[in-house]
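The values are calculated or read from the model by the stated rules, or taken from the named source; none is laboratory data. Since we're looking at a predicted model, the values are computed, not measured. Note that each Cβ is placed from the backbone with ideal geometry, even for glycine, and that neighbours are counted across all protein chains shown.
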Amino acid sequence: MPSPFPGMDPYLEHPDLWPDVHHGLIEALRSDLAPALRPRYRVVVEKRTYRVDPSEVVFIGRPDVGAIRTVQEPAELYAAVEPGGPLTVEVPVPDVVEVGYLEVRDLSSGEVVTVLELLSPANKRPGEGRRLYDHKRLTILGSLTHLVEIDLLRAYEPMLVYGDEQESHYRILVSRSERRPRADLLTFNVQDPISAFHLPLRRDDEEPLVDLGRLLHELYDRAGYDLSVDYELDPVPPLEDEDAEWVTQLLAAWRKGEQFK
């Protein structure tokens, strides 16, 4: 079943669901781009690892993290404890979160021509993850590598750019190395379709159009996200005012099988 939203479905931002959406969209982007870039380039999925405080895990989409640390304790440790004796407690332990991104590499030289980042809460949430991502981002922006940064998350502050005077729910930054410090920023909201963009490559090479909206809608249908989303609830994070009312009307029409205008 297709998504009821014309662009980004805000219900996909829920921390329980976003890691699967992130993984699926990264793979969809690679599958879509790889044939178009042959034989000059290859598209590689890379992963960045973050160590996060246990209190942050729920915000970055690992609600079941506690289940992976089950340890079988000797039975005698559970014997009755005399008054004043020790209690068994748990201590906070940092968790490890992996976030995928894409690299477009020149097949002859092996050089990374373009990095495509799909932001996750681990990138945006204040803390060590954001500091690490900021450092890598600055490294790319100071190099000859192009950067495409896709932000489909309303939570937390957007990544830093200068001259962005309008607020928006979602953003796509296309930073071509030869144009820096200038870059193209595509902004759109929950009521809008997702902006398409051309993937920057080496000069004079044909640049494929990345239709992110189509890829996301195909993923929604293929992965059956309608079975995981409860559209009776508010999205997380919630929308406000006119956008919240618009979503209410959109979903009411969708439930009736009507086209919403």
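So the values come out like this:
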read-out: Filter result (in contact with a strand residue (DSSP E or B) (Cβ under 6 Å, 6 or more places away or on another chain), among the polar types (S, T, N, Q), in a loop (DSSP other than H, G, I, E, B) and at pLDDT 95 or above) within the range 168-202; value: S168
read-out: Pair list, Cβ < 7 Å and 6+ apart or interchain, from the range 157-172 residues that are in contact (Cβ under 8 Å) with a residue 40 or more places away in the chain and under 20 Å from L239 (Cα atoms) to residues that are aliphatic (A, V, I, L, M) and assigned to a loop (DSSP other than H, G, I, E, B); value: H169/V190; Y170/M8; Y170/L152
read-out: Yes/no for R203 being closer than 19 Å to L25 by Cβ and surrounded by fewer than 18 Cβ atoms within 10 Å (Cβ to Cβ); value: no
read-out: Subset of the range 227-253 (residues that are within 16 Å of R154 (Cα to Cα), assigned to a helix (DSSP H, G or I) and touching a residue at least 24 places away in the same chain (Cβ under 8 Å)); value: D243, V247
read-out: Enumeration of residues in the range 131-167 that are assigned to a helix (DSSP H, G or I) and either closer than 22 Å to F188 by Cα or not aliphatic (A, V, I, L, M) (or both); value: R131, Y133, D134, H135, K136, R137, T139
read-out: In the range 195-223, the residues that are more than 27 Å from P39 (Cβ to Cβ) and in contact with a Phe, Trp or Tyr (Cβ under 6 Å, 6 or more places away or on another chain); value: S195
